[in-house]
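Undergrad: Before I ask anything, here is the structure I am working with.
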Amino acid sequence: MKDRKPTAPAIDTGISAKDRTKIAAGLSRLLADNYTLYLKTHNFHWNVTGPMFNTLHLMFETQYNELWLANDLIAERIRALGFPAPGTYSEYVQLASIKETPGQPKAEEMVRLLVEGNEAAVRTARSIFPAVDKAHDEPTADLLTQRMQVHEKNAWMLRSLLEG
């Protein structure tokens, strides 16, 4: 959605075409962040080693499963607003604020990178709220609130592994 400005189809749900366009663009960025974080978490699940292997392997699995399901919720909200959901790696690279991690970092670095990724997803979700509030788009507000809760909790749980 960065390269082309989408045209809002005729939908009459009480949210203007202009507002739906802005909200869908924000949700596309959130979807890109969520998908990128999903892929990173799944990669780390596969490749983690060291004394915390079992704990991290299981924690990462729980988190990537939740992220996978959330991809669908975010994409379906974009569709409900009348826009195509981005669905390619090239789109995600352009839209995401979370960057890929090359190679397989050490376990502690994996945890630190996932804290950063979850915090970035919260910032992206939070950045959409002004447009959502202005449009009185309660379904999107609910989705964003849920996503922020999950990402903040994941960041806290991961961050706790880095303390002490």
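Undergrad: So how many residues does region 67-88 have that are of a type outside the set (A, V, I, L, M), outside any loop (DSSP other than H, G, I, E, B) and more than 10 Å from residue 32 (Cα to Cα)?
TA: Filtering region 67-88 for residues of a type outside the set (A, V, I, L, M) gives 68, 71-72, 76-77, 79, 82-84, 86-88.
After this cut, where a residue has to be outside any loop (DSSP other than H, G, I, E, B) as well, the list is 68, 71-72, 76-77, 79.
So of that shortlist, the ones also more than 10 Å from residue 32 (Cα to Cα) come out as 68, 72, 76-77, 79.
Residues that pass the stated criteria total 5.
Undergrad: So if I check each of 61, 100, 116, which one is of a type in the set (Asp, Glu), touching a Ser or Thr at 6+ places or on another chain (Cβ under 9 Å) and free of Cβ contacts under 8 Å to residues at least 24 places away in the same chain? Let's see the steps before the verdict.
TA: Values: 100 fails: free of Cβ contacts under 8 Å to residues at least 24 places away in the same chain; 116 fails: touching a Ser or Thr at 6+ places or on another chain (Cβ under 9 Å).
From the options 61, 100, 116, the qualifying one is 61.
Undergrad: Would you say residue 49 is modelled with pLDDT of 95 or more, over 14 Å from the mean Cα position of the chain (by Cα), among the polar types (S, T, N, Q) and outside any helix (DSSP H, G or I)?
TA: Criteria met by residue 49.
Undergrad: Which residues, counting only those in region 113-138, are surrounded by fewer than 18 Cβ atoms within 10 Å (Cβ to Cβ) and either over 17 Å from the mean Cα position of the chain (by Cα) or hydrophobic (A, V, I, L, M, F, W, C) (or both)?
TA: Once the filter is applied, which keeps residues that are surrounded by fewer than 18 Cβ atoms within 10 Å (Cβ to Cβ) and either over 17 Å from the mean Cα position of the chain (by Cα) or hydrophobic (A, V, I, L, M, F, W, C) (or both), region 113-138 yields 129, 130, 133, 134, 136, 138.
Undergrad: Could I ask something else about it? Keeping to region 76-112, report how many residues are over 14 Å from the mean Cα position of the chain (by Cα), buried (at least 21 other Cβ atoms within 10 Å of the Cβ) and within 29 Å of residue 10 (Cβ to Cβ).
TA: Adding up the residues that qualify gives 2.
Undergrad: Only residues that are closer than 21 Å to residue 122 by Cβ, surrounded by fewer than 19 Cβ atoms within 10 Å (Cβ to Cβ) and of a type in the set (Asp, Glu): list them for region 27-75, please.
TA: 66, 72
The values are calculated or read from the model by the stated rules, or taken from the named source; none is laboratory data. What you see is a predicted model, and the numbers here were worked out from it, not measured in a lab. Neighbour counts run over all protein chains shown; Cβ positions are idealised from the backbone, glycine included.
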